[in-house]
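Read the structure below first, then the notes.
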Amino acid sequence: MTARPVEIGSGARKAVIGGGGPLGVLAGPCVVESEKLLMDTCEKLVQYCDARGLPLVFKSSYKKANRSSVRSYTGLGDAEGLAALAAVKRRFGVPLVTDVHAVDEVGPAAEVCDLLQIPAFLSRQTELLVACARSGRPVAVKKGQFLAPDDMARVAEKLESAGAAGILLTERGATFGYHNLVVDMRALVIMADTGWPVVYDVTHSLQLPGSGEQTGGERRFARPLARAAVAVGVDAVFFETHPDPARALSDASTQLPLADVPAMLDELVAVRAARAPQKAGA
């Protein structure tokens, strides 16, 4: 079943996810550390995606509300973080996605960003879902680590009932005992039954949650799991990337080195092409 298309942004760089189009890419640094980091990373991602004909939605969180420790970095400040994202859009024209955690964050974020993302731990918060849906922006929801994939049909129903401009449903792993996540590839098929595009979150699926002062993770599984998800048939991939992950202020163990992104995208494009139905006589 082909997912209904979701349009994100406007103009020459409008991204369309679903509808049988190219594999979408939602990517960028985990959190806004500086405007320069966003500019440098976005410039490379635009080059990588344009060279492969992939629609890009640039991602960075202007605010990180769910941190492992009270000492963890949460951002530059709301106004400063949104201003840095706005500067990226002015320079590159790319659509933007960022997280929102509370109803009062929706308005300011929607003024700057083209897609609003609801984190996994908040995926059932009805007031937040409704506020995002009513913002006029499409909404991406991370499936809670504690939810079954068919539970996301009711999440989508909440958004639909509030008039969401479009919906993306994202798989980011399921809790497996303590400090561990697993990815059940059946979830991608089950969530696709809603008719909305399904996104695979490459990097958060690698996390070892709550495993110390900082969340750990196993980056080595990023590319194998991403290939598997694309083989199943996801409409887009989400991943966080940084020029120097070891120095990143958030999710240092799972963000992908920016220099490694082209090779991963090449693999995913090849997998996507291999699973596409062949035309008669080809």
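The values are calculated or read from the model by the stated rules, or taken from the named source; none is laboratory data. Values in this document were obtained by computation on a predicted structure and should not be read as measured data. Positions of Cβ are generated from backbone atoms using ideal geometry, with glycine treated the same way; all protein chains shown enter the neighbour counts. In case anyone asks, the SASA skips ligands and DNA or RNA and just uses the protein heavy atoms, side chains included. Shrake-Rupley method; radii C 1.70, N 1.55, O 1.52, S 1.80 Å.
Using helices alone, I'd like the mean residue ellipticity at 222 nm for the chain: each DSSP H run of four-plus residues gives -39500 (n - 2.57), total over residue count, nearest 500.
-10500 deg cm²/dmol
Convert each backbone phi in region 124-131 into a coupling constant with the Karplus relation 6.51 cos²θ - 1.76 cosθ + 1.60 (shift: θ = phi - 60°), then list the ³J(HN,Hα) values in order as whole Hz, x for Gly and Pro.
Using θ = phi - 60°, the values come out as 10, 6, 4, 4, 5, 4, 5, 4 Hz.
Loop-only check: which trypsin sites (Lys or Arg not before Pro) in region 177-282 are DSSP coil with at most 10 other Cβ within 10 angstrom?
K279
Please compute the modelled spin-label separation between R4 and E267, points set 7 Å along Cα→Cβ, answer in nm with one decimal.
3.4
Compute, for the chain, the length of the dipole vector about the Cα centre, with Cβ point charges of +1 (Lys, Arg) and -1 (Asp, Glu) only. Units Debye, rounded to 20.
Dipole about the Cα centre, nearest 20: 440 debye.
Please give the contour-minus-distance gain from S161 to D244: 0.36 nm per residue of separation, less the Cα-Cα distance, rounded to one decimal in nm.
That works out to 25.7 nm of additional length.
Starting from the Cα gyration tensor of region 130-282, take the square roots of the eigenvalues, sort them a ≥ b ≥ c, and report rounded, prolate or oblate (rounded when a/c is under 1.5, otherwise prolate if a/b is larger than b/c, else oblate).
Judged from the Cα gyration tensor, region 130-282 comes out oblate (a/c at least 1.5, b/c at or above a/b).
Could you rank E33, E7 by how accessible they are, 1.4 Å probe, largest area first?
E7, E33
If R₀ is 22 angstrom, what is the calculated FRET efficiency for the pair D184 and A274, using the beta carbon separation as r and rounding to 0.05?
With R0 = 22 Å, the Cβ-Cβ based efficiency is 0.45.
Applying 1/(1 + (r/R0)^6) with R0 = 35 Å to the Cβ-Cβ distance of D260 and E127, what FRET efficiency is obtained, to the nearest 0.05?
0.35
Positive end of the charge dipole of the chain (Lys, Arg +1 and Asp, Glu -1 on Cβ, about the Cα centre): tell me which of V237, P262, L159 has its Cα farthest that way.
Towards the positive end, the residue furthest out is P262.
Kindly identify region 177-267 as rounded, prolate or oblate by the Cα gyration tensor criterion: order the square roots of the eigenvalues as a ≥ b ≥ c, call it rounded if a/c is under 1.5, otherwise compare a/b with b/c, prolate if a/b is larger, else oblate.
oblate
Region 189-244: which GluC sites (Glu not before Pro) are DSSP loop and have at most 13 other beta-carbon atoms within 10 angstrom?
Those that pass, being in a loop and sparsely packed, are E213.
Would you mind checking K63/K89; K14/K158; K89/K158; K36/K142; K63/K142 for any pair whose Cα atoms are more than 24 angstrom apart?
K14/K158; K89/K158; K36/K142
For the chain, the longest stretch holding no chymotrypsin sites (Phe, Trp or Tyr not before Pro) located in a DSSP loop with at most 13 other Cβ atoms within 10 Å is which?
Counting at most 13 other Cβ atoms within 10 Å as exposed, the longest clean stretch of the chain is 1-145.
For the chain, what does the alpha-carbon gyration tensor say about shape, rounded, prolate or oblate, given a ≥ b ≥ c as the root eigenvalues, a/c under 1.5 as rounded, and a/b over b/c as prolate?
Judged from the Cα gyration tensor, the chain comes out rounded (a/c under 1.5).
What number comes out for accessible area per residue over the chain if the probe is 1.4 Å? Units Å², please.
Accessible surface, normalised per residue, equals 43 Å².
Please report the antiparallel percentage of DSSP beta bridges with both residues in the chain, rounded to the nearest 5.
Counting DSSP beta bridges with both partners in the chain, the antiparallel share is about 20 percent.
Describe numerically, in nm with one decimal, the distance between label points set 7 Å from Cα along Cα→Cβ at M39 and at A51.
Those two pseudo-labels are separated by 2.2 nm.
Give me the one-decimal nm value for the distance between modelled label points at A83 and D104, 7 Å along each residue's Cα-to-Cβ direction.
Reported label-point gap for A83 and D104 is 2.1 nm.
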